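The values are calculated or read from the model by the stated rules, or taken from the named source; none is laboratory data. Keep in mind the model is a prediction, meaning the values are calculated, not measured. For neighbour counting, all protein chains shown are included, and Cβ atoms are generated from backbone atoms with ideal geometry for every residue, glycine included. Areas reflect the complete protein model, heavy atoms only, side chains present, ligands, DNA and RNA absent. Shrake-Rupley method; radii C 1.70, N 1.55, O 1.52, S 1.80 Å.
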Amino acid sequence: MSKKTVALTGSSGTMGWAGFKELYARKNEFNIVVLNRDSQKNRDKFAAYENDPSVKLVWGDLTNYEDVLAMVTGADYVLHVGGMVSPAADYYPVKTQKTNVTAAQNIVNAVKAQPNPDAIKVVYIGTVAETGDRNAPIHWGRTGDPLKVSVYDHYAISKIKAEAVFAESGLKYWVSLRQSGILYPAILKNLEPIMYHVPINGMLEWATVEDSGRLLANVCGDDIPEEFWRRFYNIGSGEQYRITNYEFEELLLGTLGLGSPKKLFDPHWFTTRNFHGQWYYDGDELEKYCHFRANVPVKDYFKGMMKHVESYYKLAFLAKPFAPILKKLWMKKIAETPEYGTLWWAANKVDVRMTAYYGSMEEYEKLPRKWEDFNIVIPAKQTTADDVVVLDHGYDETKPFDSLTLEDLQKAAEFRGGKCLATEIVDMYTPVKWVSARGNEFEMSPNLVLKGGHWCPAELPWPWNYDEEARINPFFAQVWDRQGENNVYGPEIFDNFKEKVTE
């Protein structure tokens, strides 16, 4: 059999590099084309592959169509992993929008420019950030749940828009895989103020970097059936990797020998809402097709990470007696970082930030300052547990998806506070007309609405007035009212946010 050609973006990043190595290990099956920015760092990283006939290096930019075309031409698969991610995406929102959405459009156009675009399979890597906070009691999520971008999360907005580009492209083969948080050794270096934007009782089903790399290679396998394509999936490493953010800190610091997070942080340094994360009710669906999980026990995985970090991390346990000093002179200073630190917001009474991340300045003041007064919540991790809440998608999901009728679409639209204006259905992947509760008409495929959880693009999500959205949209209210997040943010959130852009 002839080798397949796989085009890969983002191969210099965490997930992309893991995918590149998995593909390269099977270079008897694959030729690999990578598109990377032309930097000395990237040149050095790929220097060993310059003369390898199995690897083609394209130096360019995802926002430049000609560069993308050079990567896509001749490909059997396009794995789109690249783009701007946090924390850079948080600092440069306009550039993030331009990069991530333009890249998606360029890839679709480049595929359509090929002699036989219907033969090319495109894999888009989305993000768990699309659905925002899913703290208890609604911490079990699945694709098709409402999209709820956290306030200020321009990265998630860009990923939703890019996902829609692929879903509405008309390509025969595309799929959106929504990535979770990735576990990898260099995660220890991420000492940014964003580390405190994560609620202690928040939840995430992590994906290991090794599982993520295998996924990218396995999705190019001959055993992937037709039914896999034109769908949305959540990426996670399974039940063992369903942990709360407090448990994550315990595992990370415990592996380093630093002990409990209670020794390095105070509970009120962390936000109580407005991040992202969930456990996946449908997490095994992707594993069923791609068989990418190694199923390493999570405690063993954290111990294994220590074998691949710089030597000074392995000596971190020596700092344990100095934890109070580290807490005051290092960890607290990060929380006090101007503009982005939680303690800086509180000290400077930045109301819009405090409202978004704590509910209000008054709610923040009520938070315990001592761990013994803080209620740490760790729910059961099995999908059979009594506390599993599965959200209603507004239509009969027991029916075969392709057999849904206009009546089914009308019921789904009503549950979203709007109407389906279609008079006929071509198929689930051809856009039809809808109108939102706010009276905005738009066209979108039933697949993107029902299976992707998308709704009116003009309301994505400006101005983050989620109280009003929950009032008029019962579908969305499931991820707002039931989580107790009922503060009107309103236009001032956007008006007061200073966008920072660099060329």
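The residues in region 446-485 that are touching a residue at least 40 places away in the same chain (Cβ under 8 Å) and either of a type in the set (D, E, K, R) or not in a helix (DSSP H, G or I) (or both) can be counted, and the count is 14.
Filtered by the rule that a residue be touching a Leu at 6+ places or on another chain (Cβ under 9 Å), open to solvent by 10 Å² or more (accessible area, probe 1.4 Å) and more than 15 Å from H308 (Cβ to Cβ), region 194-218 gives V198, W206. Residues of region 57-66 that are of a type in the set (D, E, K, R) and open to solvent by less than 100 Å² (accessible area, probe 1.4 Å): D61 alone. Across region 77-135, the qualifying residues are those that are assigned to a loop (DSSP other than H, G, I, E, B) and among the hydroxyl-bearing types (S, T, Y), and the one among them that is most open to solvent (accessible area, probe 1.4 Å) is Y92. Looking at V175, V108, V123, just one residue is closer than 20 Å to V81 by Cα and more than 16 Å from the chain's Cα centre (by Cα), and that residue is V108.
Checking each residue of region 263-280 against the condition of being open to solvent by 10 Å² or more (accessible area, probe 1.4 Å), among the hydroxyl-bearing types (S, T, Y) and within 30 Å of P321 (Cα to Cα) gives at least one match.
Restrict the check to region 171-179 and report whether at least one residue is in contact with a Pro (Cβ under 6 Å, 6 or more places away or on another chain) and open to solvent by less than 10 Å² (accessible area, probe 1.4 Å). The answer is no; no qualifying residue exists.
Of all residues in region 46-53, none are farther than 18 Å from T5 by Cβ, of a type in the set (S, T, Y) and open to solvent by less than 40 Å² (accessible area, probe 1.4 Å). Checking each residue in region 334-365 for being part of a helix (DSSP H, G or I) and in contact with a Leu (Cβ under 9 Å, 6 or more places away or on another chain) picks out I334, A335, Y358. Of the residues making up region 219-250, those that are aliphatic (A, V, I, L, M) and surrounded by 18 or more Cβ atoms within 10 Å (Cβ to Cβ) are V219, I235, I243. Which of the residues that make up region 151-170 are among the acidic types (D, E), open to solvent by less than 30 Å² (accessible area, probe 1.4 Å) and under 27 Å from D284 (Cα atoms)? Hit for region 151-170 is E163, nothing else.
Every condition in (1) farther than 18 Å from A104 by Cβ; (2) part of a helix (DSSP H, G or I); (3) not polar (S, T, N, Q) is met by A70 except one, and the failing one is (1). Going through (1) open to solvent by 70 Å² or more (accessible area, probe 1.4 Å); (2) in contact with a Leu (Cβ under 9 Å, 6 or more places away or on another chain); (3) part of a loop (DSSP other than H, G, I, E, B) one by one, R438 falls short only on (2). Close contacts from region 103-120, counting a first residue that is acidic (D, E) and a second that is at pLDDT 95 or above, with Cβ to Cβ under 7 Å and a gap of 6+ residues or different chains, come to D118/K172. Residues in region 366-402 that are open to solvent by 50 Å² or more (accessible area, probe 1.4 Å) and outside any loop (DSSP other than H, G, I, E, B) were compared, and the one that is nearest to H268 (Cα to Cα) is K366. Annotation: T143 fulfils all but one of (1) open to solvent by less than 10 Å² (accessible area, probe 1.4 Å); (2) modelled with pLDDT of 95 or more; (3) part of a loop (DSSP other than H, G, I, E, B); the unmet one is (1).
Mind checking whether some residue in region 406-418 is farther than 19 Å from L147 by Cβ, assigned to a helix (DSSP H, G or I), open to solvent by less than 50 Å² (accessible area, probe 1.4 Å) and not acidic (D, E)? Looking through region 406-418, at least one residue is farther than 19 Å from L147 by Cβ, assigned to a helix (DSSP H, G or I), open to solvent by less than 50 Å² (accessible area, probe 1.4 Å) and not acidic (D, E).
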